[in-house]
Amino acid sequence: ICRFPLIPVRGIPLMCYIANNWDSIWAFRPDPSDLLIATYPKAGTTWTQEIVDLLQNNGDAEACKRAPTPVRSPFLEIFSPPPIPSGLDQLKKTDPPRIIKTHLPLQLVPTGFWENKCKVIYVARNAKDNLVSYFHFDCMNLTQPEPGPWEGYIPKFMRGELPWGSWYDHVKGYWTERETKNILYLFYEDMKENPRREVERIMRYLDLSVSDEVISRIVELTSFKNMKENPMANYSCVPAPVFDQSISSFMRKGEVGDWRNHFTPEQSKMFDEDYEKQMKDVNIPFRDLI
Ligand code: A3P
């Protein structure tokens, strides 16, 4: 295991094993029945995967255990640090309809998803909490570039010098196209505030109908506490050298506003000033940032 370097693909820094296999990823043709869950890393991907999986299995946690990987949905991107199998190979071996997960920014999503009008769920999380979560993740994920000290990580995030590029461009890209491409755009903070409402929203988007009782069960099964203890969701099945969960748990804290325990007032001010500039062309209703 080593911390892999980043290589830009059309200006977006990606892990080298993705960049080196870019042509096969770009050529991937989904089925119209496939669902894409897209996020900037650490915005609530796993939570959303768990909700979707349970909705599709009518709240039956046992049925969900038949998922192809302990982490539910194969990554579209090749995730090759051995012994993790390539997500693309897994996808090719699985019959549609599939749930496919990606962290690619919208412009790098293979065009077949749009041509086939696949459903896409995007989850966004406020920049400061997303940054904090990514920092802890980069400490424990021994395949990503070293995060370095906290003070230096903030400017790297602001400049988009992290795997998958700029958070700002990522959230804006999907936001701008959400109507033309029929993307369900969710917010982590909304999911925390009223998980039931958001589970129902996902259910309607997927044209599913499950009973109120099943919704309640899904909300319970996908609480932070339960997911932290669920080996299908907490990434404890990922072979040890990739994630060192003694450094930081994958299910770390699961809260809104944890950034207040990390940013100094000066760091927060500097971040806010830059944020205003980078986000001035859109009005995405992020909360809990100030
Ligand atoms: P923290 O590091 O802030 O705790 P992703 O799945 O996109 O990698 O995102 C991981 C983040 O989502 C982590 O954030 C994790 O704790 C949080 N998370 C995962 N499941 C959650 C849940 N059921 N409720 C709240 N937060 C959850």
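Give just the number: which of (1) among the hydroxyl-bearing types (Ser, Thr, Tyr); (2) assigned to a helix (DSSP H, G or I); (3) in contact (Cβ under 8 Å) with a residue 40 or more places away in the chain does TYR185 not satisfy?
For TYR185, the exception is condition (2).
To keep it simple, each residue is scored yes or no on (1) within 26 Å of GLY152 (Cβ to Cβ); (2) crowded, with 19+ Cβ neighbours inside 10 Å; (3) of a type in the set (Gly, Ala, Ser); (4) at pLDDT below 95.
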{"residue": "HIS103", "(1), (2), (3), (4)": "yes, yes, no, no"}
{"residue": "PHE113", "(1), (2), (3), (4)": "no, yes, no, no"}
{"residue": "LYS117", "(1), (2), (3), (4)": "no, no, no, no"}
{"residue": "VAL123", "(1), (2), (3), (4)": "no, yes, no, no"}
{"residue": "HIS136", "(1), (2), (3), (4)": "yes, yes, no, no"}
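Can you name the number of the only condition in (1) crowded, with 18+ Cβ neighbours inside 10 Å; (2) away from the ligand (no atom under 15 Å from the Cβ); (3) in a helix (DSSP H, G or I) that TYR174 fails?
(2)
Conditions: (1) among the aromatic types (Phe, Trp, Tyr); (2) under 19 Å from CYS64 (Cα atoms); (3) buried (at least 18 other Cβ atoms within 10 Å of the Cβ). TYR188 meets all but one. Number of the miss?
That leaves (2) as the condition not met.
State which residue pairs qualify: first residue over 20 Å from THR94 (Cβ atoms) and without any contact (Cβ under 8 Å) to a residue 24 or more places away in the chain and inside the stretch 26-43, second residue of a type outside the set (A, V, I, L, M) and within 16 Å of the ligand (Cβ to nearest atom) in any location, beta carbons under 8 Å apart, and separation of 6 or more residues or different chains.
none
Can you report the number of residues in the stretch 56-86 which are under 22 Å from MET251 (Cα atoms), part of a helix (DSSP H, G or I) and at pLDDT 85 or above?
Going through the stretch 56-86 one residue at a time, the tally reaches 1.
Starting from residues that are more than 10 Å from the ligand (Cβ to nearest atom), part of a loop (DSSP other than H, G, I, E, B) and under 19 Å from PHE135 (Cβ atoms), keep the ones in the stretch 226-256 and report whichever is modelled with the lowest pLDDT.
Residues of the stretch 226-256 that are more than 10 Å from the ligand (Cβ to nearest atom), as a first pass: 229, 231-232, 236-247.
Checking the rest, the ones that are also part of a loop (DSSP other than H, G, I, E, B) come to 231-232, 236-242, 244-247.
Next, from what is left, pick out any that are under 19 Å from PHE135 (Cβ atoms): 242, 244-247.
Values: VAL242: 84, ASP244: 91, GLN245: 90, SER246: 91, ILE247: 93.
Ranking the qualifying residues of the stretch 226-256, first place goes to VAL242.
Have a look at ASP34, ASP95, ASP53 and point out the one that is at pLDDT 90 or above, more than 29 Å from GLY160 (Cα to Cα) and under 16 Å from the mean Cα position of the chain (by Cα). If you could, list the steps in order and put the result at the bottom.
Working: ASP34 fails: under 16 Å from the mean Cα position of the chain (by Cα); ASP95 fails: under 16 Å from the mean Cα position of the chain (by Cα).
None of the others qualify; the one that does is ASP53.
State whether the residues of the stretch 257-267 include one that is under 16 Å from the mean Cα position of the chain (by Cα) and among the polar types (S, T, N, Q). Break it down stepwise before answering.
Here is the first cut: in the stretch 257-267, the residues under 16 Å from the mean Cα position of the chain (by Cα) are none.
Among the residues of the stretch 257-267, not one is under 16 Å from the mean Cα position of the chain (by Cα) and among the polar types (S, T, N, Q), which makes the answer no.
The values are calculated or read from the model by the stated rules, or taken from the named source; none is laboratory data. The structure presented is a predicted model; accordingly, all values stated were derived computationally and were not measured. Because the Cβ atoms are built from the backbone with ideal geometry, glycine has one as well, and the counts that use them run over all protein chains shown.
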